[in-house]
Amino acid sequence: MTRFLIAMLQLTVNALRDLAPVILVIAFFQIVVLRQPFPDLLNVLIGLLCVIVGLTLFIQGLESGLFPLGEALAQGFAQKGSVTILLAFAFCLGFGTTVAEPALIAVAAEAADVAAEAGAIVDDDPARAAYALELRMVVAVSVGAALVLGVLRILRGWPIHRLIIVGYLLVTAMTVFAPAEIVGVAYDSGGVTTSTITVPLVTALGVGLATSIRGRNPMVDGFGLIAFASLTPMICVLAYGMLTS
């Protein structure tokens, strides 16, 4: 019990240290530049405390649960020896974690509201909900496909830089032809997929898989799945915008 409390205290100190630059920047501009008091200071302090506690618990959850679970699953599938099952698991993992990603839900809802205000879709709740759901499904399927590609890269030993270069060249070319109103949404979709839920499990999958396969280096081959998970949504959302425009 004492060891657990010490570990949690250390994580809390680390969380406070990580948040310190953000806190100092906000406080500096609020007090020194704007020269205004914090609005509702008590609620701000309570919120800051909640953020510190939440970040501490989140990091502890990653270290205790998600990272070991992801690595164990990857090693289990690698030892089973079925590439089809492994690829199916990678797709389902990418799809499931992305659909549940809070950041994607927020971006999709905001994109639906803006599209309704701009007249791109009917301005009512069902139309906005349908638009947001379609966007989330496109991104989730693209992340699932990204993990399949990433797992194949680890299995085959393909150089990651070539795949990334080709992917971003494709994004650049598609940006020229895609509707202007979908470009920003596509780029943001690539960013929000690499957030709180997706990153821990995907990283653990890559490292666990590279550790389990003979001849693969976890440092060289185990990372890079997040890059695919960020790249492919941009391609798929741009394509979605081009097809539906």
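In table form, for the structure just shown:
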{"item": "Residue count for region 165-214, restricted to those that are more than 21 Å from Glu110 (Cβ to Cβ), out of contact with any Gly (no Cβ under 8 Å at 6 or more places or on another chain) and touching a residue at least 12 places away in the same chain (Cβ under 8 Å)", "result": "9"}
{"item": "Leu225 vs. criteria modelled with pLDDT of 85 or more, of a type in the set (A, V, I, L, M), open to solvent by less than 10 Å² (accessible area, probe 1.4 Å) and farther than 25 Å from Ile85 by Cα", "result": "no"}
{"item": "Hey, Val44 part of a helix (DSSP H, G or I) and over 26 Å from Val148 (Cα atoms) or not", "result": "yes"}
{"item": "Region 206-217, subset part of a helix (DSSP H, G or I) and aliphatic (A, V, I, L, M), residue surrounded by the most Cβ atoms within 10 Å (Cβ to Cβ)", "result": "Leu209"}
{"item": "Hits in region 51-71 (condition: open to solvent by less than 50 Å² (accessible area, probe 1.4 Å) and either outside any helix (DSSP H, G or I) or modelled with pLDDT under 75 (or both))", "result": "Leu62, Gly65, Gly70"}
{"item": "Subset of region 72-97 (residues that are more than 21 Å from Val199 (Cβ to Cβ), in a helix (DSSP H, G or I) and hydroxyl-bearing (Ser, Thr, Tyr))", "result": "Thr84"}
{"item": "Sole residue being open to solvent by 10 Å² or more (accessible area, probe 1.4 Å) and touching a helix residue (DSSP H, G or I) at 6+ places or on another chain (Cβ under 6 Å), chosen from Thr198, Thr175, Thr203", "result": "Thr175"}
{"item": "Test for Asn14: is it loosely packed, with under 11 Cβ neighbours inside 10 Å and either part of a helix (DSSP H, G or I) or touching a strand residue (DSSP E or B) at 6+ places or on another chain (Cβ under 8 Å) (or both)", "result": "no"}
{"item": "Neighbours by Cβ (under 9 Å, 6+ apart or cross-chain): first from region 145-160, part of a helix (DSSP H, G or I); second among the basic types (Lys, Arg)", "result": "Ile154/Arg216; Leu155/Arg216; Ile160/Arg153"}
{"item": "Exclusive hit being aliphatic (A, V, I, L, M), over 15 Å from Arg153 (Cα atoms), more than 15 Å from the chain's Cα centre (by Cα) and in a helix (DSSP H, G or I), set Ala186, Ala173", "result": "Ala173"}
{"item": "Pairs with Cβ under 9 Å, 6+ apart, first in region 220-245 and in contact (Cβ under 8 Å) with a residue 12 or more places away in the chain, second basic (Lys, Arg)", "result": "Asp221/Arg153; Gly222/Arg216; Gly224/Arg153; Leu225/Arg153; Phe228/Arg153"}
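For every residue, the table says whether it meets (1) touching a Ser or Thr at 6+ places or on another chain (Cβ under 9 Å); (2) under 19 Å from Gly241 (Cα atoms); (3) not hydrophobic (A, V, I, L, M, F, W, C).
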| position | (1), (2), (3) |
| --- | --- |
| Gln79 | yes, no, yes |
| Leu104 | yes, yes, no |
| Leu135 | yes, yes, no |
| Val138 | yes, yes, no |
| Val141 | yes, yes, no |
| Ala145 | yes, yes, no |
| Ile154 | no, no, no |
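The values are calculated or read from the model by the stated rules, or taken from the named source; none is laboratory data. These numbers were taken from a predicted model, which means no experiment stands behind them. With ideal geometry, Cβ positions are generated from the backbone for all residues, glycine too; neighbour counts draw on all protein chains shown. Surface areas here come from the heavy atoms of the whole protein model, side chains and all, with no ligands, DNA or RNA. Shrake-Rupley method; radii C 1.70, N 1.55, O 1.52, S 1.80 Å.
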